[in-house]
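Undergrad: The structure under discussion is supplied below as structure tokens; questions concerning it will follow.
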Amino acid sequence: MAVVSPLAKYKLVFLGDQSVGKTSIITRFMDTAGQERFRSLIPSYIRDSSVAVIVYDVANRQSFINTSKWIEEVRTERGSDVIIVLVGNKTDLVDKRQVSIEEGDAKSREDGVIFIETSAKAGFNIKPLFRKIAAALPGME
Ligand code: GDP
Ligand code: MG
């Protein structure tokens, strides 16, 4: 699934499995959530976006494994001409965690993408996420 959201002049596409928290992260940050898009439309949204935010749920290992497919799809559409941010969301689910921060960090290094953990529920690291995105975009600091 994908949620598309504009950040000033740059378009962001939020990708990741269903229910990992894409809409919640956007709502936390800017109060309107953008629209959920059909699977078949995702390539065109990836093509139109400068930033791909790929979200997994730290309490759902399959959603972490599936980020490889999302990253591959973004690279296929955009090559290196895109900023990719890997986000491990739902860190508040401490007792249910299935993916460590070290694993997320290691994957981000292997794939050459930016990494951060968040909790949309607790409001943890939401502003830092968008600050990291802004810092990576020309003219957005
Ligand atoms: P999306 O399908 O990726 O857009 O996911 P949603 O934003 O709709 O969230 C799916 C479910 O996960 C909802 O019930 C949210 O309340 C919940 N959720 C989202 N973010 C968090 C989080 O950081 N922590 C917890 N515990 N639940 C979350
Ligand atoms: Mg959603």
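The values are calculated or read from the model by the stated rules, or taken from the named source; none is laboratory data. All values reported here derive from a predicted model rather than from experimental measurement. Every residue, glycine as well, gets a Cβ built from its backbone with ideal geometry; the counts of neighbours run over all protein chains shown. The area values use the complete protein model at the heavy-atom level, side chains included, leaving out ligands, DNA and RNA. Shrake-Rupley method; radii C 1.70, N 1.55, O 1.52, S 1.80 Å.
Undergrad: Calculate the spin-label point distance for GLN62 paired with SER80, positioning each point 7 Å from the Cα along the beta-carbon direction, and give it in nanometres.
TA: About 3.6 nm separates the two model spin labels.
Undergrad: Would you mind classifying the chain by shape? Square roots of the alpha carbon gyration tensor eigenvalues, ordered a ≥ b ≥ c; an a/c under 1.5 is rounded, otherwise it is prolate if a/b is larger than b/c and oblate if not.
TA: Rounded, because the longest to shortest axis ratio a/c is under 1.5.
Undergrad: Something else now. If R₀ is 25 angstrom, what is the calculated FRET efficiency for the pair ARG109 and ARG47, using the beta carbon separation as r and rounding to 0.05? List each step's numbers first, then the result.
TA: Working: r = 26 Å, r/R0 = 1.05.
About 0.40, to the nearest 0.05.
Undergrad: Would you mind telling me the share, in percent, of accessible area of the chain contributed by carbon and sulfur at probe 1.4 angstrom?
TA: C and S atoms contribute 51 percent here.
Undergrad: Considering only DSSP beta bridges with both partners in the stretch 54-141, what is the antiparallel share in %, to the nearest 5?
TA: The answer is about 10 percent antiparallel.
Undergrad: In sequence order, what are the phi-derived ³J(HN,Hα) couplings for the stretch 116-129 according to the Karplus relation 6.51 cos²θ - 1.76 cosθ + 1.60 with θ = phi - 60°, rounded to whole Hz, with x for glycine and proline?
TA: The phi angles translate into 7, 9, 9, 9, 5, 5, 8, x, 8, 6, 6, 4, x, 4 Hz.
Undergrad: Quote to one decimal, in nm, the extra length available between GLU72 and GLU102 on full extension: 0.36 nm per residue of separation minus the C-alpha distance between them. Display every interim value, and only then the final one.
TA: Details: separation 30, 0.36 × 30 = 10.80 nm, distance 2.12 nm.
Length gained between GLU72 and GLU102: 8.7 nm.
Undergrad: A follow-up question, please. Pairs of alpha-carbon atoms within less than 8 angstrom and 6+ residues apart define the contacts here; what relative contact order does the chain have, in percent?
TA: 22
Undergrad: Next question, about the same structure. What nm distance separates the two modelled labels at LYS11 and ARG131, each placed 7 Å from Cα along Cα→Cβ?
TA: Each label point lies 7 Å from its Cα, and together they span 2.9 nm.
Undergrad: Shifting gears a bit: Kindly provide the helix-only [θ] at 222 nm of the chain, computed as the sum of -39,500 (n - 2.57) over DSSP H runs of four or more divided by all residues, to the nearest 500 deg cm²/dmol?
TA: The helix-only estimate for the chain comes to -11000 deg cm²/dmol at 222 nm.
Undergrad: Explain nothing, just compute: Karplus ³J(HN,Hα) = 6.51 cos²θ - 1.76 cosθ + 1.60, θ = phi - 60°, for every residue of the stretch 133-139 in order, whole Hz, x for Gly and Pro.
TA: 5, 4, 5, 8, 9, x, x
Undergrad: Rolling a 1.4 angstrom probe over the protein chains, ignoring ligands and nucleic acids, what is the accessible area of ASP48 in square angstrom, nearest 10?
TA: For ASP48, the solvent-accessible surface is approximately 90 Å².
Undergrad: What residues have an amide H closer than 5 Å to that of LYS11, excluding those fewer than 5 places away on the same chain, when H is modeled at 1.01 Å from N in the peptide plane?
TA: SER50, VAL51
Undergrad: Okay, next question. So who's got an amide H within less than 5 Å of the one on PHE124, skipping anything under 5 residues away but keeping other chains? H placed 1.01 Å off N, in plane.
TA: Under 5 Å from the amide H of PHE124 lie the amide H atoms of SER119, each far enough along the sequence or on another chain.
Undergrad: Per residue, how many Å² of accessible area does the stretch 7-141 show with a 1.4 Å probe?
TA: Using a 1.4 Å probe on heavy atoms only, each residue of the stretch 7-141 averages 52 Å².
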